[in-house]
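Here is the structure we will look at, set down as structure tokens.
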Amino acid sequence: MIIKLIPNIIFVLCLFLYNQSLSQTKEFTITIPESRDFTSQYKSIDLLDLRYDTLDNGFILSNRKKTNIVLSLSFRNQLNKALYASDTANAKHKLLLVLRKFKLVEKNDIDFEYGFCFMRAIIFANINEKYYRLQDFDTLITLNGTDVTDTLFHDASTNFVRLIEAGIEINPVDKIAYAYSDIVRIENDEKRIIPVYSTDKFTDGVYLSFHSFKNQKPDYAIEKIQYKWNTNPRIKVKNKEGRLITLTGNDVFGFVDKGVPYACTDHGSCIIERKNNELFYAAKSKVTNDNAEYEISVAVAEKLGSATEKALSAVKPPYGIFVSRIDYIDGSFMRVKKIK
């Protein structure tokens with residue numbers, strides 16, 4: 001009798017887990033404009049998703065618990081619906097949207113929610129398999145209120161519509177022509193001319209901004225420094241008048257000491273590792289309801305080098321290790337995964 005019940009129990013359990021997974025996601029859809037105020041010379045739009053993690057669209061908070069964001073249709077289908085809101089009757093060519101960053105995030109405190117939309121994209125015109133760069137879009141939306149979810153989704157949707165509208169109004173004449181292969185490797189080509197991604201040796205010193213760090217041009221020489229991993233450093237430097245002043249991690253982007261680069265984050269001094277043409281750091285953080293469901297990622301952990309191994313081995317619950325990636329354009333820190 002018990003054996004006969006097992007298949008039914010398994011079925012019920014699978015159904016429960018499936019329903020649970022559905023309840024932990026929320027769909028994002030691009031809202032289609034009602035009016036057709038634009039005439040487009042482009043009949044369709046293709047998508048090239050160059051995001052670091054193409055499945056990570058961010059999360060919102062539902063009853064103070066994370067709910068992952070999923071796409072109700074493919075981005076390509078949604079973008080084409082937005083394009084068809086314009087007049088495409090006489091259109092001949094195609095558009096290509098290169099998505100480089102898109103993520104929605106909600107945080108909360110006692111009384112308020114905070115919403116963030118990160119978006120970076122490029123629109124290209126595809127004319128006879130030659131691509132012409134029409135419009136770059138790089139923006140950060142920040143919101144706060146008692147419930148920001150609907151506004152965050154609306155504003156994110158509006159960003160995509162505005163990008164398409166801006167692209168169809170630009171004439172590609174006199175623009176530089178790209179091959180599709182050029183676009184696929186655009187990030188690596190851009191990084192190739194940034195010293196911090198190509199140098200064999202990091203330059204010792206203090207860097208006030210990501211701009212000086214990526215160009216490996218320190219703003220100050222280090223006179224004296226005190227720091228430990230995951231603690232706020234104290235750095236003595238000489239100002240323009242030759243006087244010793246003390247800087248902390250709150251004042252600088254990072255520093256390089258004895259050839260080892262560090263980022264100054266909310267978690268203190270974190271060793272920067274350069275692997276596979278990316279900059280990462282690992283930071284100790286208390287595991288809370290906001291980050292507990294981040295999964296262990298062996299692939300990401302393997303990107304980190306031996307410089308962080310000793311620090312990682314000393315971490316014990318309720319703290320965990322979270323890996324963050326440094327954006328190569330603006331230097332922002334984007335959490336990737338929990339690895340321990």
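Computed quantities for the displayed model
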{"item": "Long-range neighbours under 6 Å by Cβ, at least six apart or interchain, first residue over 23 Å from residue 124 (Cβ atoms) and of a type in the set (Ser, Thr, Tyr) within the range 13-42, second open to solvent by 60 Å² or more (accessible area, probe 1.4 Å) and modelled with pLDDT of 75 or more", "result": "25/68"}
{"item": "Matching residues in the range 169-184 - criterion: being closer than 16 Å to residue 98 by Cβ and either touching a Leu at 6+ places or on another chain (Cβ under 8 Å) or open to solvent by 50 Å² or more (accessible area, probe 1.4 Å) (or both)", "result": "170, 172, 175, 176, 177, 178, 180, 181, 183, 184"}
{"item": "Among (1) open to solvent by less than 70 Å² (accessible area, probe 1.4 Å); (2) without any contact (Cβ under 8 Å) to a residue 12 or more places away in the chain; (3) not aliphatic (A, V, I, L, M), the one test that residue 243 misses", "result": "(1)"}
{"item": "Unmet criterion (only one of (1) small (Gly, Ala, Ser); (2) over 26 Å from residue 34 (Cα atoms); (3) touching a Cys at 6+ places or on another chain (Cβ under 6 Å)) for residue 145", "result": "(3)"}
{"item": "Residues of the range 185-201 satisfying the condition of being open to solvent by 30 Å² or more (accessible area, probe 1.4 Å) and either in contact with a helix residue (DSSP H, G or I) (Cβ under 8 Å, 6 or more places away or on another chain) or not in a loop (DSSP other than H, G, I, E, B) (or both)", "result": "187, 188, 189, 190, 192, 195, 198"}
{"item": "Criterion (basic (Lys, Arg) and either in a loop (DSSP other than H, G, I, E, B) or modelled with pLDDT of 95 or more (or both)) met by exactly one of 284, 316, 337", "result": "316"}
{"item": "Qualifying positions in the range 80-98 - open to solvent by 40 Å² or more (accessible area, probe 1.4 Å) and not aliphatic (A, V, I, L, M)", "result": "81, 84, 87, 90, 92, 93, 94"}
{"item": "In the range 26-38, residue modelled with the lowest pLDDT [restricted to those that are surrounded by fewer than 16 Cβ atoms within 10 Å (Cβ to Cβ) and over 16 Å from residue 163 (Cα atoms)]", "result": "35"}
{"item": "Boolean, residue 204 is in contact with a Gly (Cβ under 9 Å, 6 or more places away or on another chain) and open to solvent by 60 Å² or more (accessible area, probe 1.4 Å)", "result": "yes"}
{"item": "Test: residue in the range 39-50 that is in a loop (DSSP other than H, G, I, E, B) and either modelled with pLDDT of 90 or more or within 22 Å of the chain's Cα centre (by Cα) (or both)", "result": "yes"}
{"item": "Yes/no for residue 101 being within 27 Å of residue 175 (Cα to Cα), out of contact with any helix residue (DSSP H, G or I) (no Cβ under 9 Å at 6 or more places or on another chain) and in a strand (DSSP E or B)", "result": "yes"}
{"item": "Filtered residues of the range 107-158 (kept if open to solvent by less than 10 Å² (accessible area, probe 1.4 Å), within 22 Å of the chain's Cα centre (by Cα) and more than 18 Å from residue 332 (Cα to Cα))", "result": "122, 123, 124, 148, 152, 156, 157"}
{"item": "Selection status of residue 55, in contact (Cβ under 8 Å) with a residue 24 or more places away in the chain, in a loop (DSSP other than H, G, I, E, B) and loosely packed, with under 15 Cβ neighbours inside 10 Å", "result": "no"}
{"item": "Residue among 252, 237, 256 that alone is modelled with pLDDT of 90 or more, assigned to a loop (DSSP other than H, G, I, E, B), open to solvent by less than 40 Å² (accessible area, probe 1.4 Å) and farther than 18 Å from residue 53 by Cα", "result": "252"}
{"item": "Condition met for residue 77 (open to solvent by 30 Å² or more (accessible area, probe 1.4 Å), at pLDDT below 95 and within 27 Å of residue 44 (Cα to Cα))", "result": "yes"}
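The values are calculated or read from the model by the stated rules, or taken from the named source; none is laboratory data. Predicted model only: the values in this text are computed from it and were never measured. FYI the Cβ positions are ideal-geometry reconstructions off the backbone, even for glycines, and counts take in every protein chain you see. All accessible areas refer to the heavy atoms of the entire protein, side chains included, with ligands and DNA or RNA removed. Shrake-Rupley method; radii C 1.70, N 1.55, O 1.52, S 1.80 Å.
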